[in-house]
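First comes the structure, then the notes that go with it.
The values are calculated or read from the model by the stated rules, or taken from the named source; none is laboratory data. Worth saying up front: this structure is predicted, and the values here are computed from it rather than measured. Glycine gets a Cβ as well: all are built from the backbone with ideal geometry, and neighbour counts include every protein chain shown.
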Amino acid sequence: MDSKELLILVATMTGTALMAAEDIAEYCNDNDINTTITEMDNANINILIDNTHPVLICSSTYGQGDVPDPAQEFYNDLKDSSPNLSHIKYAVFGLGDMTYRDTFAYGGKKFSDLLDSLNATKIGKPFYHDASDGSLPEEVAVEWFINNIKDKI
């Protein structure tokens, strides 16, 4: 059996989304799924265009429901160039805070909407962690991944 591969793209301001991504990657690496974590501020959109593996987007939300600043260029380049991503299967783990109900987890939701518009195929149900509920996103992330995504990659 071929080993499974997962590309994890991270959009974060404070590092919380990266911690969630790292915990998911640790679980994957312990369970025969090879992972590559790339922060979007270090990525070119070709990482998606040339990719043949499933993708997990881990994105926090910043400001008034925005994609985190370090990921803005990646997001805008992807939106402006509008490549056909029909070869991509993806999942989203978004982070937000229901204290900001009107823009809750919009960072992750914007990535999900953009990938949908570029013909990528969503696997599993996106999860949007609520920072105000007292749970740690990195703990919830692994449980969500095991229950919803793992068997679809």
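What the table below lists for this structure:
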read-out: Cβ pairs under 8 Å, 6+ apart, first in the range 31-56 and under 24 Å from residue 146 (Cα atoms) and without any contact (Cβ under 8 Å) to a residue 40 or more places away in the chain, second among the polar types (S, T, N, Q) and outside any loop (DSSP other than H, G, I, E, B); value: 35/29
read-out: Residue match in the range 28-51 (condition: closer than 20 Å to residue 133 by Cβ and at pLDDT below 95); value: no
read-out: Complete set of residues in the range 58-80 that are closer than 13 Å to residue 10 by Cβ and surrounded by 23 or more Cβ atoms within 10 Å (Cβ to Cβ); value: 58, 59, 60, 67, 68, 71, 74
read-out: From the options 33, 47, residue that is over 28 Å from residue 100 (Cβ atoms) and touching a Lys or Arg at 6+ places or on another chain (Cβ under 9 Å); value: 33
read-out: Subset of the range 1-52 [of a type in the set (Ser, Thr, Tyr) and farther than 14 Å from residue 93 by Cα]; value: 3, 14, 27, 35, 36, 38, 52
read-out: Test: residue in the range 85-95 that is free of Cβ contacts under 8 Å to residues at least 40 places away in the same chain, assigned to a strand (DSSP E or B) and of a type in the set (A, V, I, L, M, F, W, C); value: yes
read-out: Where a residue in the range 64-81 is under 16 Å from residue 18 (Cα atoms) and its partner, wherever it lies, is of a type in the set (Phe, Trp, Tyr) and at pLDDT below 95, with Cβ under 6 Å and at least six apart; value: 68/62
read-out: The one condition in (1) farther than 18 Å from residue 6 by Cα; (2) at pLDDT below 95 that residue 78 fails to fulfil; value: (2)
read-out: Index of the failed condition, residue 93 passing every other in (1) more than 17 Å from residue 22 (Cβ to Cβ); (2) of a type outside the set (Val, Ile, Thr); (3) buried (at least 16 other Cβ atoms within 10 Å of the Cβ); (4) in contact with a Phe, Trp or Tyr (Cβ under 7 Å, 6 or more places away or on another chain); value: (1)
read-out: Residues (aromatic (Phe, Trp, Tyr) and in a loop (DSSP other than H, G, I, E, B)) located in the range 47-81; value: none
read-out: Selected residue (criterion: nearest to the chain's Cα centre (by Cα)) from residues of the range 1-27 that are within 22 Å of residue 130 (Cα to Cα) and in a loop (DSSP other than H, G, I, E, B); value: 12
read-out: Among residues of the range 28-46, those that are over 13 Å from the mean Cα position of the chain (by Cα) and assigned to a helix (DSSP H, G or I), counted; value: 6
